[in-house]
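Worksheet for the structure shown next.
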Amino acid sequence: MRDHRTSSSLAPSRQGMRRISVLLPLPLAATYDYRLPEDMSAGPGSYVRVPLGNRIVTGVVWRNDDENSPVPEKRLKPVAEILPSPPMAEELRRLVDWVAGYTLAPLGTVLRMAMGPEDAFAAETARQGYLAPVEIDSSLALTAARKRVLAALVMEQARSASDLAAMAGCGTGVVRAMAAAGLLREVVLMAHRERPQPDPTRPFPVLSTDQEQAATAISDAIDANRFAPFLLDGVTGSGKTEVYFRAIATALRRGKQVLVLLPEIALGAQWHERFARQFGCRAAAWHSGIRPSERRVLWRDVAQGRARVVVGARSALFLPFRELGLIVVDEEHDNSFKQEEGVIYHARDMAVVRASLNDAPIILASATPSLESLANVERGRYRHLVLPDRHGGALLPTVALIDMRIDKPARGRFMAPRLVAAVDETLSAGEQVMLFLNRRGYAPLTLCRTCGYRLQCPHCTAWLVEHRLQGRLTCHHCGYQQQPPDHCPSCDDTRSFAACGPGVERLAEEVAERFPNARTAIMASDTLDGPTAITELIRAVGAHEVDLLIGTQMMAKGHHFPMLTLVGVVDADLGLNGGDLRAAERTFQMLHQVSGRAGRAERPGIVMVQTYDPEHPVMAALAANDRGRLLGIEAAARRERHLPPFGRLAAVILSSEDSDQNETAAAALARAAPHLRGVDILGPAPAPLAILRGRHRVRFLVKTERQVNIQAVVTQWLSGVKIGSAVRIQVDIDPYSFL
Ligand code: ADP
Ligand code: ZN
């Protein structure tokens with residue numbers, strides 16, 4: 001193996017002065033040069049503290065001795081400090097370069113994602129910890145913040161000041177003042193906690209022939225230390241997880257670290273339990289919800305190789321692994337891998353880049369692989385590992401389409417008679433039902449019956465969604481909330497509002513009327529308060545404490561409920577409208593995934609799909625369980641129009657609070673649009689969300705043939721036009737959202 005971690009000190013350059021280029025985690029496209037004082041040594045990747053204006057900022061040495069720098073050496077500011085943390089590995093620096101080059105985000109902004117928390121760079125020293133006092137003087141009057149600090153210490157575990165402050169929702173000053181006042185005991189915390197290590201030698205289930213072949217192919221690649229992308233393609237329940245667990249064990253036995261990317265990390269509870277059953281302890285979880293101190297500890301443990309298996313959402317991709325030997329992207333087709341804010345990147349695609357930079361294999365697993373990945377199989381870039389059957393002969397569910405034009409629900413109701421009958425039957429048999437409706441809240445639209453006025457967000461081109469449980473109207477785009485008005489803002493009529501269309505809350509109302517004895521629960525991101533509530537609901541459903549589960553796409557993923565035998569899809573057409581190029585593919589993936597929840601154990605499952613368009617290829621493919629046919633139609637259509645994955649696409653979005661300035665900028669860009677072979681620039685057109693958070697939005701779409709360097713086209717185009725400072729330009733390479 002190459003070893004990039006040793007930091008070589010720099011040779012003195014021409015005049016005995018030493019110049020280094022430092023990348024700062026700020027929205028900067030280039031590095032800044034600094035002078036390295038004689039008594040310091042630092043190589044590429046070293047974390048350094050350098051002056052910037054009147055601040056001192058932590059950055060990373062990106063290159064050394066940049067002789068082409070325009071700044072004369074005499075004017076360079078000196079580096080203030082070299083941090084003791086291990087340097088950023090070359091692979092990670094190259095990943096940062098790569099992601100910036102691909103997404104056109106500023107290099108420094110991408111670096112920000114790869115930098116640890118500020119306090120992770122210090123030397124690992126013993127830290128101050130705090131325990132609750134042995135006895136609390138009950139006559140003392142404590143502030144609310146102090147009470148919360150004591151409450152956080154109920155367990156006999158010492159905590160750092162920053163931990164305690166985060167848990168109690170106060171500043172660290174409160175904790176320190178309490179210690180000074182003798183309200184806390186001071187103890188020394190270990191520099192790092194011992195981390196339980198997953199055990200790869202525990203016995204595995206015997207694999208089927210297909211599973212064995214897949215596992216062997218991956219293990220061979222791990223042994224060879226080479227980049228090898230695999231598409232692990234198998235129906236739900238075919239043992240994909242079992243196969244990649246085997247690969248993880250192989251990597252661990254070879255002393256490698258493993259990164260597993262899961263789409264919605266809050267939903268990983270069942271995954272974690274299963275991992276713990278196989279490997280004897282939990283994998284380290286990296287996500288936005290972890291406490292600051294845990295974040296720092298885990299970041300360091302990854303850098304030091306103490307954390308062997310890390311599971312995370314997108315951002316885990318930029319962790320400083322020491323010896324990354326395998327990446328797994330589970331549910332690789334999932335759109336939540338696309339980050340839509342800040343650096344706009346697709347974590348699955350960048351994971352493939354990282355694997356190649358680390359000479360490591362990568363497994364993309366899915367029951368409904370993306371057209372992108374299947375095209376890469378076709379091009380011979382990815383190896384296709386297919387698991388055709390459900391494990392143990394479990395049957396795939398039967399899918400029945402309900403034609404809503406014929407089998408009509410009653411007025412103001414959303415379940416067709418056939419679905420109602422099936423739910424009744426299933427509940428009577430003592431089995432569980434899941435109703436899927438990918439719409440949060442009570443109703444997506446509220447209108448005045450008297451004058452037709454529709455309640456709209458004041459900041460976005462969007463209707464307000466009623467959330468009756470919370471007694472609010474909410475904008476799902478900007479989060480704006482208001483109380484439902486008691487009279488119409490347009491005609492002043494009172495009690496004239498009517499809810500239009502269903503959300504999960506309204507469906508729950510119908511269910512409560514129809515099946516009053518069923519124990520019902522709603523699973524949607526706004527009805528559940530955080531990961532603990534989600535885990536608890538999943539447990540309750542698994543333990544059959546719930547008969548009927550109503551949910552959004554949040555519950556479509558990976559859960560395994562043995563008594564669940566009927567899935568009803570309430571509005572299958574919901575995702576098919578709109579200008580999204582992947583609408584059909586995405587709808588199929590989601591509905592297929594939901595279907596996969598039915599009948600995983602000995603009981604065969606039934607899926608009922610309510611649609612107004614049963615002839616649509618997506619519905620036909622679902623009913624016939626014929627993914628290949630749908631993908632064939634999709635691929636042909638996209639190939640003909642040079643759309644991804646057979647052509648390239650980039651969105652350029654202009655936004656401004658000032659509509660005129662936005663229009664002017666769009667017109668200037670339109671005039672400057674290049675006329676190149678194989679390049680089409682479409683627009684400007686108002687975005688479907690023409691106003692978002694008070695900003696006017698206009699879109700261009702750049703479409704090129706596959707061999708065209710779309711980044712170069714966009715960069716050149718944009719750099720030739722002067723845009724007013726009130727207008728923001730956002731570039732989205734490989735857009736997934738077309739709003
Ligand atoms: P997928 O990830 O493709 O949905 P899983 O790996 O979750 O499939 O497998 C489905 C179920 O079948 C799980 O409970 C799993 O433990 C079990 N299973 C899969 N393969 C085997 C095997 N070879 N031996 C025993 N159980 C298996
Ligand atoms: Zn809004």
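The accessible area of Val187, taken with all protein chains in place and a 1.4 Å probe, comes to roughly 40 Å².
Given a Förster distance of 35 angstrom, what is the FRET efficiency for Glu509 paired with Glu273, based on the Cβ-Cβ distance and rounded to 0.05? So, using R0 = 35 Å, E works out to roughly 0.55.
Model label sites at His560 and Cys500, defined 7 Å from Cα along the beta-carbon direction, differ in position by 4.5 nm.
Among Val546, Val206, the sequence by solvent-accessible area, most first, with a 1.4 Å probe is Val206, Val546. Heavy-atom accessible surface of the chain, averaged per residue, reaches 44 Å², computed with a 1.4 Å probe.
For the chain, a crude dipole built from +1 on the beta carbon of Lys and Arg and -1 on the beta carbon of Asp and Glu, taken about the Cα centre, is about 1380 debye to the nearest 20. In whole percent, what relative contact order does the chain give with Cα contacts below 8 Å and a gap of six or more residues? Computed over the chain, the figure is 10 percent. Which shape class applies to segment 608-739: rounded if a/c is under 1.5, otherwise prolate when a/b exceeds b/c and oblate if not, where a ≥ b ≥ c are the square roots of the Cα gyration tensor eigenvalues? It comes out oblate by the Cα gyration axes. Derived scalar couplings between HN and Hα for segment 250-261 equal 4, 4, 5, 5, 7, x, 9, 9, 10, 10, 10, 9 Hz in order, rounded to whole Hz, by the Karplus curve 6.51 cos²θ - 1.76 cosθ + 1.60 (θ = phi - 60°), x for Gly and Pro. The residues Phe275, Phe738, sorted by heavy-atom accessible surface at 1.4 Å with ligands and nucleic acids left out, run Phe738, Phe275 from largest to smallest. Between Gln470 and Ser725, the modelled labels are 3.6 nm apart [label points 7 Å from Cα along Cα→Cβ].
To the nearest Å, what is the center-to-center distance of segment 562-584 and segment 526-556, using C-alpha atoms only? Segment 562-584 and segment 526-556 have Cα centres separated by 19 Å.
Placing unit charges on each Cβ (+1 for Lys and Arg, -1 for Asp and Glu) gives segment 209-392 a dipole about its Cα centre, and among Ser336, Gly392, Ala303 the Cα reaching farthest toward its positive end belongs to Ala303.
So which GluC sites (Glu not before Pro) in segment 554-615 pass both tests, a DSSP loop state and at most 14 other Cβ atoms within 10 Å of the Cβ?
Answer by residue number: Glu602, Glu615.
Here's how it looks for Val569: its modeled amide H is under 5 Å from those of Phe436, Met608, Val609, Gln610, which are all 5 or more places away or on a different chain. Of the peptides 437-446, 452-461, 404-413, the ranking by mean beta-carbon count within 10 Å, highest at the top, reads 437-446, 452-461, 404-413. By how many degrees, 0 to 90 and rounded to 10, does the Cα axis of helix 292-304 deviate from the longest principal axis of the chain? It is inclined by approximately 70 degrees. Taking the Kirkwood radius as Rh and the Cα radius of gyration as Rg, segment 313-421 has a ratio of Rg/Rh equal to 1.16. When the charge dipole of the chain is built from unit charges on Cβ atoms (+1 for Lys and Arg, -1 for Asp and Glu) and taken about the Cα centre, the candidate among Pro361, Asn517, Ala80 whose Cα reaches farthest toward its positive end is Ala80.
Here the Karplus relation 6.51 cos²θ - 1.76 cosθ + 1.60, evaluated at θ = phi - 60°, turns the backbone of segment 364-375 into coupling constants of 9, 10, 5, 8, 9, x, 5, 4, 4, 5, 5, 5 Hz, with x for every Gly and Pro.
At q = 0.18, 0.20 Å⁻¹, work out log10 I(q)/I(0) for segment 469-588 with the Debye formula, treating every Cα as an identical point scatterer and leaving solvent out; two decimals please. Results for segment 469-588 at q = 0.18, 0.20 Å⁻¹ read -1.19, -1.32. Shown for segment 99-209 is the translational diffusion coefficient from the Stokes-Einstein equation, using the Kirkwood radius over Cα pairs, a temperature of 25 °C and a viscosity of 0.890 mPa s: 138 µm²/s. Relative to the Cα centre, the charge distribution of segment 647-733, modelled as +1 at Lys and Arg Cβ and -1 at Asp and Glu Cβ, gives a dipole magnitude of about 220 debye. Taking a straight Cα-Cα cut-off under 27 Å and skipping sequence neighbours fewer than 8 places away in the same chain, the lysines within cross-link reach of Lys703 are Lys338, Lys722.
The charge dipole of segment 209-392, taken about the Cα centre with unit charges on the Cβ atoms of Lys, Arg (+1) and Asp, Glu (-1), comes to about 820 debye, rounded to the nearest 20. Multiplying each eigenvalue of the alpha-carbon gyration tensor of the chain by 5 and taking the square root yields semi-axes of 43, 34, 31 Å, largest first, rounded to whole angstroms.
If you bin all the Cα-Cα distances of segment 209-392 at 5 Å, starting from zero, the percentages per bin are 1, 8, 17, 22, 23, 16, 8, 3, 1, 0. Extending 7 Å from Cα along the Cβ direction at Ala151 and again at Asn709 yields two label points whose distance is 5.9 nm. For segment 481-569, applying the loop criterion from DSSP together with a ceiling of 10 other beta carbons within 10 Å to the GluC sites (Glu not before Pro) yields no site. With all pairs of different C-alpha atoms in the average, the Kirkwood value for the hydrodynamic radius of segment 443-501 is 11.4 Å. The Cys residues in the chain with no partner Cys Cβ within less than 4.7 Å of their Cβ are Cys170, Cys281, Cys478, Cys500.
Note on the chain: dipole from Cβ charges, positive end direction compared against Ala158, Ile402, Leu537; the farthest Cα belongs to Ala158.
Of the peptides 357-369, 248-260, the ranking by mean beta-carbon count within 10 Å, highest at the top, reads 357-369, 248-260. Once all protein chains are placed together, His696 keeps about 60 Å² accessible to a 1.4 angstrom probe. Ordered from highest to lowest accessible area with the whole protein assembly present and a 1.4 Å probe, Lys703, Lys722 read as Lys722, Lys703.
Of all DSSP beta bridges confined to segment 481-608, the antiparallel ones make up roughly 10%. The calculated FRET efficiency for Asp223 paired with His544, based on their beta-carbon distance and R0 = 30 Å, is about 0.10. Bridgeable lysines around Lys256 (alpha carbons under 18 Å apart, same-chain partners fewer than 8 residues away excluded) are absent.
The values are calculated or read from the model by the stated rules, or taken from the named source; none is laboratory data. This one's a predicted model, so the numbers in the text were calculated from it and none came from an experiment. Cβ coordinates were reconstructed from backbone atoms using ideal geometry, including for glycine residues, and neighbour counts include every protein chain displayed. Heavy atoms of the whole protein, side chains included, go into the accessibility calculation; ligands, DNA and RNA do not. Shrake-Rupley method; radii C 1.70, N 1.55, O 1.52, S 1.80 Å.
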